[in-house]
Structure formats: C-alpha cells, structure tokens
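One structure below.
The values are calculated or read from the model by the stated rules, or taken from the named source; none is laboratory data. A quick note: this is a predicted structure, and the numbers were derived from the prediction, not measured. Here the Cβ positions follow ideal geometry from the backbone for every residue, glycine too, while neighbour counts run over all protein chains shown.
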Amino acid sequence: MSNAFKLKQEQVQAALIVLYAPHRETQAKAFVEHFCEQLGDQCSEKTNAQSFVIRPKQKLDLTSLDSDAHIALVFDEEVYLQAVGPKPPGPVSVAFEGNAMIHRLKHGGGKGEQVAKAVGLGKVPQDRQLTVLDATAGLGRDALILAALGCKLDLYERNPVVRELLKDGLERASLVSDVADVTSRMSLNGEDFITVGDSLESESYDVVYLDPMFPDRSKSALVKKEMRVFKQLIGGDEDADALFEPAYRLAKHRVVVKRPKAAPFLAGKTPSLQLKGKSGRFDIYTKKAF
Ligand SMILES: C[S@@+](CC[C@H](N)C(=O)[O-])C[C@H]1O[C@@H](n2cnc3c(N)ncnc32)[C@H](O)[C@@H]1O
C-alpha cells in the first residue's frame with residue numbers, strides 16, 4: 001500500500017463507532033475495511049451485531065475518555081455523524097438535495113457570493129467553465145456553491161469519515177434531478193492532496209481552492225455545536241502550510257485560501273489581494289489574469 005493512503009494517527013482523534021442498519025451492512029463493512037487499512041496497525045476493530053468499534057490503539061486510554069469523545073458514524077437512509085454522550089448535538093450529514101440555495105444559484109443569483117468572487121467568477125465570460133481543484137473538500141459546501149454557478153470541480157478529502165459523508169451526499173443528490181446536474185460537476189478523490197499534488201500536471205486547473213481547518217483551540221472557535229464533532233474528528237490540519245506549494249504549481253490563474261479572520265497567512269505567503277467578510281477572509285494569490 002502506498003504512503004498516499006496511510007492515515008496519520010493524529011488525524012483520528014477519538015474512538016469511532018460505526019453503526020449500520022441491516023440494509024447498509026455491505027457499505028459499512030467496506031468502510032471499516034478501508035478505514036482500518038488506512039490506519040494500519042493503529043486500528044483495533046471489534047464487531048458486534050450491527051456495529052464496529054474502531055479505536056486508535058495507542059492514542060487513547062479508553063477508561064479516561066469522557067463520553068462525548070466517542071463519535072458514531074451511522075449508515076442508515078443517509079450516512080451521518082453523531083456525537084455520543086449526554087445531551088449530544090444534532091447529527092452531521094451532507095444533504096445537498098435539501099439545500100435551499102441551489103435554486104437561487106442555478107438561476108442567476110450567487111455571483112455575489114464571496115467564494116464566487118474569490119475564485120474570479122465575475123471576471124470570466126458566462127459561457128466559460130472554470131475548472132477548480134478543491135484540495136480540502138470537507139462537507140462540500142463551498143464546492144456546491146461553485147458547482148451550482150457552473151464550475152467543474154475535482155475534490156480531495158483525505159479523512160475517510162468525512163469522505164464517506166460527502167460520498168453519500170453526492171450519491172443521494174445524484175438521484176434528485178434538480179441537484180444532480182449540479183453535483184455531476186463535482187468529482188471526489190480520496191487522496192491526501194499534499195501527497196498526490198506533486199504527481200499532477202502543472203497549471204492543470206484554472207483555480208486551486210484551499211480551506212484547511214485552522215488549529216484554533218479557543219472555545220469561540222467551536223462555532224456550531226454540531227460542528228464540534230467534525231472538528232474533533234479532524235483536528236487542526238496542522239500540516240496545512242504544505243498545501244500551498246502544490247496548489248500554486250497546479251493553478252493556472254489563482255490560488256484561493258479561506259482563512260478565519262485573525263489567522264496568519266497560509267505558509268507565511270502574503271496574498272496578492274484579500275476579500276474580507278464578517279468572520280473570515282479569502283486570501284487570493286494571482287498568477288495570470290483570466
Ligand atoms: C474546514 S474543512 C473544509 C470545508 C469545506 N470548504 C466546506 O465548504 O465544507 C477542511 C477539510 O480539509 C480536509 N483536508 C485537510 N488537509 C487535506 C489534504 N492535505 N488533502 C485532502 N484533504 C485535506 C480535512 O480533512 C477537512 O475535512
């Protein structure tokens with residue numbers, strides 16, 4: 001197995017419980033197999049009826065875990081992530097088909113969206129399709145906006161749990177006609193972009209988009225309650241600076257980096273321009289005008 005698929009131990013922060021409805025057993029099993037393959041010998045797996053418990057072996061002393069450090073990944077009608085413990089927050093899933101924004105974006109609204117401005121959609125003719133590599137896809141929210149505005153996107157998501165949520169969201173969306181034409185412009189890859197970036201051809205995308213997690217540990221950074229579980233799972237993407245070099249090489253026109261308001265520049269690189277919003281900003285590194 002190549003290093004590209006090795007998941008680093010620090011990328012799995014808590015014990016993961018995989019639960020599945022009877023009709024989703026095959027999918028859940030395939031996920032567990034793949035996940036443990038990525039974790040290598042960090043992974044211990046216990047199987048019960050309709051559940052697997054996956055624990056990174058050396059990282060955690062399970063007796064000292066507070067209960068909400070457990071996360072359940074549930075395979076049911078949809079795949080969702082659920083914190084386990086007293087008063088848990090709501091589930092996290094990818095529901096593109098229920099996204100109220102899509103209709104507006106598809107019918108002309110949306111060029112004013114900050115992310116659309118940041119990638120330069122206002123600067124290209126209506127009939128030109130921008131190609132975007134989203135190297136940190138997450139739950140695909142930014143990518144969905146860009147796809148609804150006509151961009152063609154290749155997405156990279158290295159965390160297998162997040163990728164499973166996104167994959168499930170894309171599959172369900174493909175069954176709903178109004179959304180399917182949008183999500184058909186989003187194609188998901190499972191690799192770590194830092195590792196595979198070097199093997200991709202230079203300047204093969206108009207724009208490379210980066211939105212790594214920012215390692216801010218203050219309470220205020222834990223925005224929505226539901227998103228805590230997401231942050232718990234991913235950690236702080238501490239190696240994010242290493243995204244910059246391959247991203248810059250692959251972009252023909254610009255690299256766009258989404259950052260929290262007070263965060264330093266990615267890899268210490270000063271951007272050519274910035275778009276500032278209420279809670280965050282986009283740092284834009286231009287290479288060539290559109
Ligand atoms: C803040 S989230 C991105 C949110 C996304 N922009 C959205 O709109 O939903 C960052 C994601 O990037 C992923 N990530 C970080 N570094 C990565 C890398 N080198 N390759 C692939 N995915 C990466 C993390 O696993 C995490 O899911």
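Results, tabulated for the structure shown:
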quantity	calculated
1 or more residues outside the structural domain of residue 37 (by TED's automatic domain parsing), within 16 Å of the ligand (Cβ to nearest atom) and of a type in the set (Val, Ile, Thr): qualifying strands (runs of 3 or more DSSP E) within the stretch 107-226	131-134, 205-210
Those residues of the stretch 159-176 which are surrounded by 22 or more Cβ atoms within 10 Å (Cβ to Cβ) and among the acidic types (Asp, Glu), in sequence order	164
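A quick yes/no check of all residues on (1) buried (at least 24 other Cβ atoms within 10 Å of the Cβ); (2) within 25 Å of residue 259 (Cα to Cα):
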{"position": "109", "(1), (2)": "no, yes"}
{"position": "114", "(1), (2)": "no, yes"}
{"position": "157", "(1), (2)": "yes, yes"}
{"position": "180", "(1), (2)": "no, no"}
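This table checks each residue for (1) without any contact (Cβ under 8 Å) to a residue 40 or more places away in the chain; (2) over 15 Å from residue 101 (Cα atoms).
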site: 135; (1), (2): no, yes
site: 142; (1), (2): no, no
site: 149; (1), (2): no, no
site: 154; (1), (2): no, yes
site: 159; (1), (2): no, yes
site: 169; (1), (2): no, yes
site: 174; (1), (2): yes, yes
site: 179; (1), (2): no, no
site: 186; (1), (2): no, yes
